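Undergrad: Please see the structure below; I have some questions.
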Amino acid sequence: METKLLSVSQIDEAAEIIKRGGLVAMPTETVYGLAADALNGRAVADIFRAKGRPMDNPLIVHISELSQIKCLVREFPEKARILAERFWPGPLTIILPKSELIPDEVSAGLDTVAVRFPSNETARKLISASCPLAAPSANLSGSPSPTTAKHVMDDMSGRIDAVIDGGECAVGVESTVITLASEPPRLLRPGGITLEQLRDAIGEVVLDDAVMNPLKSGEQAASPGMKYKHYSPKADIILLKGKSEAFVRYVNSHNDGKTAALCYDSETEKLEVPFISIGKEDDYSEQANRLFAALRTADDRDFQVVYAHCPKPEGIGLAVYNRIIRAAGFEVKELEE
Ligand code: AMP
Ligand code: MG
């Protein structure tokens, strides 16, 4: 199949593809999503095939008006109303008990459904011109999420009907996922809406163990996606924790020609190895925005080992930490001062 590259003015053509049961990658404010009609189980099954995604990893349903959620969920509790009012449209996914309309392919057999109302204008126009859309990130399963149309093409060309080129994604990491299907509410995946913002809105929110730590053997993931090794570039990512000086010293003394550093702007001048910076050390939004493109660059340049400076797990930095620790297979090396 030839994958068409569409511009943001070709929404009607993209909507026709969706209505026929096809697959369209669309820009959102988080990452590019691979969209299909959320109520068409056969089209949704094609998403899993195109990505090579395990069938037990459920998808997020995207809406373009709050009223659309009513037929997707069985309950819309007060806390959901508060979160929707404060953070939608935006990078927050809310999990609720699902309605009978949701095909099993979307919820991967669970009794719940994840719903998000994106702020990206192109995504909203596409949903309005078609229907609610099931859309995981538009990458091959296991590789870093795409933040440009080129990233999508690199992974999915020949596997899907079309990609809408909406430029670079603003947030750069996937949405924050919170479940309200159990009490107290639980943060399953950190993203552009922070734990602090969620607690400020609805009070107690528990941080799921799988956000920071690997699952123990035999343990069930509250969010099935968290059990997979995600975001892995081909290079070995080694996460180093410590001050800038210690990071630079360690990396410079481990330079064997196939090595690179994933670092902050302030460290680049002192590094004696090739580097990819993810921005300023205290600008977590910039780091989130640049992380996945940096991991893809590491692949393009064929580095074998990438030493990454461990981000601080606070604010949006928690999302950066969560993604990078998975890319590193949960190993963190503490550096001596
Ligand atoms: P992606 O679509 O690639 O951004 O991944 C969606 C994430 O949301 C994955 O980690 C899923 O496991 C998680 N997710 C989606 N639906 C549910 C659900 N009903 N319950 C728990 N986690 C979910
Ligand atoms: Mg994904």
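The values are calculated or read from the model by the stated rules, or taken from the named source; none is laboratory data. In this text the structure is predicted, and so the values were computed from the model without any measurement. Cβ coordinates were reconstructed from backbone atoms using ideal geometry, including for glycine residues, and neighbour counts include every protein chain displayed. These accessible areas exclude ligands, DNA and RNA; they are computed on the full protein's heavy atoms, side chains included. Shrake-Rupley method; radii C 1.70, N 1.55, O 1.52, S 1.80 Å.
Undergrad: What does the extension gain come out to for Leu215 and Asp282, with contour length at 0.36 nm per residue minus their alpha carbon separation? If you can, show how the numbers build up before the last one.
TA: Numbers: separation 67, 0.36 × 67 = 24.12 nm, distance 2.93 nm.
Taking 0.36 nm per residue and subtracting the Cα distance, the gain is 21.2 nm.
Undergrad: Here's something else I'd like to know. With all protein chains present, how much of the accessible area of the chain (probe radius 1.4 Å) comes from carbon and sulfur, to the nearest whole percent? It would help to have the intermediate numbers written out before the result.
TA: Values: 6700 of 14130 Å².
After summing per-atom areas, the C and S share lands at 47 percent.
Undergrad: A further question follows. I'd like the accessible area for Lys125, computed on protein heavy atoms only with a 1.4 Å probe and all protein chains in place. Round to 10 Å², please.
TA: Number for this one is 100 Å².
Undergrad: By accessible area of protein heavy atoms, probe 1.4 Å, what ranking do Phe303, Phe275 get, highest first? If you can, show how the numbers build up before the last one.
TA: On the way: Phe303 25, Phe275 85 Å².
From most exposed to least exposed: Phe275, Phe303.
Undergrad: OK, next. Taking 8 Å as the Cα distance limit and 6 or more residues as the minimum spacing, I'd like the relative contact order of region 254-299 as a percentage. Spell out each step's value before the answer.
TA: Working: 53 pairs, mean separation 14.5, N = 46.
It rounds to 32 percent for region 254-299.
Undergrad: Could you pull out every one of the lysines with an alpha carbon less than 26 Å from that of Lys258, ignoring same-chain neighbours closer than 8 positions?
TA: Lys150, Lys229, Lys234, Lys241, Lys243, Lys270, Lys280, Lys333
Undergrad: Per-residue HN-Hα couplings for region 180-197, Karplus 6.51 cos²θ - 1.76 cosθ + 1.60 at θ = phi - 60°, whole Hz, x for Gly and Pro?
TA: 10, 7, 9, 10, x, x, 10, 7, 9, 8, x, x, x, 9, 8, 4, 4, 5
Undergrad: Please give the per residue volume of the convex hull enclosing the alpha carbon atoms of region 195-337, rounded to a whole number of Å³.
TA: Numbers: hull volume 17.5 nm³, N = 143.
Convex hull volume per residue, Cα atoms: 122 Å³.
Undergrad: Between region 146-166 and region 1-53, how many Å separate their Cα centres?
TA: 10 Å
Undergrad: Return the long-range amide H neighbours of Leu239 (sequence gap of 5 or more, or a different chain), with a cut-off of under 5 Å between placed amide H atoms.
TA: Amide H to amide H, under 5 Å and 5 or more residues apart or across chains, Leu239 pairs with Ala308, Lys333.
Undergrad: With each label point set 7 Å from Cα along the Cα-Cβ vector, what nm distance links Met1 and Ser128?
TA: Here the modelled spin labels are 2.7 nm apart.
Undergrad: Moving to a separate point now. How would you classify region 1-126 from its alpha-carbon gyration tensor, with a ≥ b ≥ c the square roots of the eigenvalues: rounded for a/c under 1.5, else prolate if a/b is greater than b/c, otherwise oblate?
TA: Working: a/c = 1.98, a/b = 1.26, b/c = 1.56.
Oblate.
Undergrad: Same structure again: Which whole-Hz ³J(HN,Hα) couplings does region 86-94 yield from phi under the Karplus relation 6.51 cos²θ - 1.76 cosθ + 1.60, θ = phi - 60°, glycine and proline marked x?
TA: Working through the residues one at a time gives 7, 10, 9, x, x, x, 10, 10, 10 Hz.
Undergrad: What whole-number distance in Å separates the alpha-carbon centres of region 175-195 and region 56-72?
TA: When both Cα centres are located, 16 Å separates them.
Undergrad: I would also like to ask the following. Protein chains only, probe 1.4 Å: how do Met212, Met55, Met156 rank by accessible area, largest first?
TA: Values: Met212 55, Met55 105, Met156 0 Å².
The ranking, largest first, comes out as Met55, Met212, Met156.
Undergrad: Sticking with this one: Based only on Cα atoms, what mean projected area does the convex hull of region 92-226 have, in nm²? Intermediate values should be presented prior to the final figure.
TA: Numbers: hull surface 38.5 nm².
Dividing the Cα hull surface by four gives the mean projection, 9.6 nm².
Undergrad: P(r) of region 284-331 in 10 Å steps, Cα pairs, percent per bin?
TA: Binned Cα distances yield the sequence 25, 57, 17, 1.
Undergrad: Right, here's the next one. Arg81 to Arg42: FRET efficiency via 1/(1 + (r/R0)^6), r the Cβ-Cβ distance, R0 56 Å, to the nearest 0.05?
TA: Values: r = 33 Å, r/R0 = 0.59.
About 0.95, to the nearest 0.05.
Undergrad: In nm, give the distance between the simple-model label positions of Glu65 and Phe330, each being 7 Å from the Cα along the Cα-to-Cβ direction.
TA: 4.5 nm
Undergrad: Using every Cα-Cα pair within region 143-191, state what percent have a distance larger than 12 Å. Walk me through the numbers on the way to the answer.
TA: Details: 816 of 1176 pairs.
Of all Cα-Cα distances in region 143-191, 69 percent exceed 12 Å.
Undergrad: Would you kindly compute the Cα radius of gyration of the chain and its largest Cα-Cα separation (Dmax), both in Å?
TA: Values for the chain (Cα only, Rg and Dmax): 19.7, 60 Å.
Undergrad: Related question: Mean separation of Cα pairs under 8 Å and 6+ residues apart, divided by the residue count of the chain: what relative contact order is that in percent? Could you put the intermediate results ahead of the total?
TA: On the way: 777 pairs, mean separation 65.1, N = 337.
Answer for the chain is 19 percent.
Undergrad: With every protein chain left in place and a probe of 1.4 Å, what is the accessible surface of Leu72, to the nearest 10 Å²?
TA: Roughly 0 Å² of Leu72 is accessible to a 1.4 Å probe.
Undergrad: Can you give the relative contact order of region 198-314 as a percent, counting alpha carbon pairs under 8 Å and 6+ residues apart? Intermediate values should be presented prior to the final figure.
TA: Working: 142 pairs, mean separation 34.5, N = 117.
Worked out over region 198-314, it gives 30 percent.
Undergrad: Between region 92-132 and region 234-258, what is the C-alpha centre distance in whole Å?
TA: 41 Å
Undergrad: Once the piece of chain linking Ser99 and Glu121 is laid out straight, how much longer is it, given 0.36 nm per residue of separation minus the C-alpha distance between them? The partial results should precede the final answer.
TA: Working: separation 22, 0.36 × 22 = 7.92 nm, distance 2.69 nm.
Once the chain is fully extended between Ser99 and Glu121, it gains 5.2 nm.
Undergrad: What length, rounded to one decimal in nm, is gained on full extension from Thr268 through to Arg49, with 0.36 nm per residue of separation minus their alpha-carbon distance?
TA: Working: separation 219, 0.36 × 219 = 78.84 nm, distance 4.08 nm.
Additional length available on full extension: 74.8 nm.
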